[in-house]
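Only one structure is covered here, and it is reproduced in the block below.
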Amino acid sequence: MSLAAEPVDPAEVPDGENRFSAMRIGDFERAWAITDRELQEFCRSGSPKYDGPRHLQRIWRGEDLRDKRVLVRCYHGLGDTIQFARFLSPMRRMAREVVVWCQPELLSLIGGVAGVDQVIPLHDGVPDAAFDVDIEIMEIPHAIRARREEAEMCQSYLGAAGRHHVTRSQCRPMSVGLVWAVGDWAKGREVPALLLKRLKLPDLRLCSLQRGPAAAAATEIGAIDISTSDIEVLAGRLRELDLLVCVDTMVAHLSAALGCETWIMLHSDCDWRWPASGERTFWYPSARLFHQRFPGDWSGVVESIRSALCVRATNWRSAD
């Protein structure tokens, strides 16, 4: 049953209301009413379908997906593809075939998602597949009129990612993965690496999954480097950890989508997909959120995580 008593009329939505604010609180019916209005305006404008920067293109124009060969374009980030891959299976229940044109790094991962008939590597040319209708992956929930309960993750949807079964013994240090830096496009999400030295606690084994120039700080933090560029290998390593402490990046989405315990460090003006406050999100039940109390205050976030880790480590030892 839908959380809303009845669909929201787009005409009743105030001008300027943002679909992302509605999605943030899980009001998907309202989000789709807002997006319906935006789509109508876009179609009336006559803008070319593939106009502008790729990640801002409006691909789907309201075409019926039933019994169609659907090409799914993954034009946003790796984390976006992982998060929204949960909607591929419900879309496949109405489509005849689903072909995902995704980032090469994710081919194996997305190829194992239920409902995907074929995956092909994304590139700057035209897709190497026939299709009847195409859609950007983040447009799927609108196209299928997804309800909140279809967005809520009840179990991992990533299939055989990190295939091997992990059996953990308590007779060892608790393994905690760390990721503290992001790409150049979102530096506000980045935590100063040396703050994470505060997480070096007895009976904890810190493991760095950080890649890029920032990875050099692992030694100063006291973390062992277990990073990899292979996302399927990364999935296996995440499953071998007991906990991941991570900034808002692809690794956080991968870990949480696998059902691994994931603590996510969020800045005060965090992205729409995370609640503005509180520790939990319906997107990922295994995630715990740590928000900045004040803009730029990462030390407070790290201290909160340190305190939570002390409790977690005590419970770990008592279970031995």
Exactly one condition in (1) of a type in the set (Ser, Thr, Tyr); (2) surrounded by 17 or more Cβ atoms within 10 Å (Cβ to Cβ); (3) modelled with pLDDT under 90 is not met by residue 75; state its number. (3)
Counting only residues in region 173-185 that are more than 19 Å from residue 243 (Cα to Cα) and not hydrophobic (A, V, I, L, M, F, W, C), the one surrounded by the fewest Cβ atoms within 10 Å (Cβ to Cβ) is identified as 184
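Per-residue answers, yes or no, for (1) touching a Leu at 6+ places or on another chain (Cβ under 7 Å); (2) within 24 Å of residue 293 (Cβ to Cβ); (3) in the same structural domain as residue 110 (by TED's automatic domain parsing):
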position: 213; (1), (2), (3): no, no, no
position: 221; (1), (2), (3): yes, yes, no
position: 228; (1), (2), (3): yes, no, no
position: 244; (1), (2), (3): yes, yes, no
position: 263; (1), (2), (3): yes, yes, no
Looking at region 130-146 only, could you name the residues that are among the β-branched types (Val, Ile, Thr) and touching a Lys or Arg at 6+ places or on another chain (Cβ under 8 Å)? 133, 135, 137
Give me the pairs: first residue in region 300-320 and within 14 Å of residue 242 (Cα to Cα), second residue at pLDDT 80 or above and loosely packed, with under 15 Cβ neighbours inside 10 Å, beta-carbon distance under 6 Å, and six or more apart or on different chains, which are they? 313/203
With the condition being touching a strand residue (DSSP E or B) at 6+ places or on another chain (Cβ under 9 Å) and crowded, with 18+ Cβ neighbours inside 10 Å, I'd like the helices (runs of 4 or more DSSP H) fully within region 186-294 carrying at least 3 qualifying residues. 250-257
Does residue 109 satisfy being under 21 Å from residue 42 (Cα atoms) and of a type in the set (A, V, I, L, M, F, W, C)? no
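The values are calculated or read from the model by the stated rules, or taken from the named source; none is laboratory data. Since the structure is predicted, the reported quantities are computational estimates derived from the model, not experimental observations. All Cβ positions, glycine included, derive from the backbone under ideal geometry; neighbour counts span all protein chains shown.
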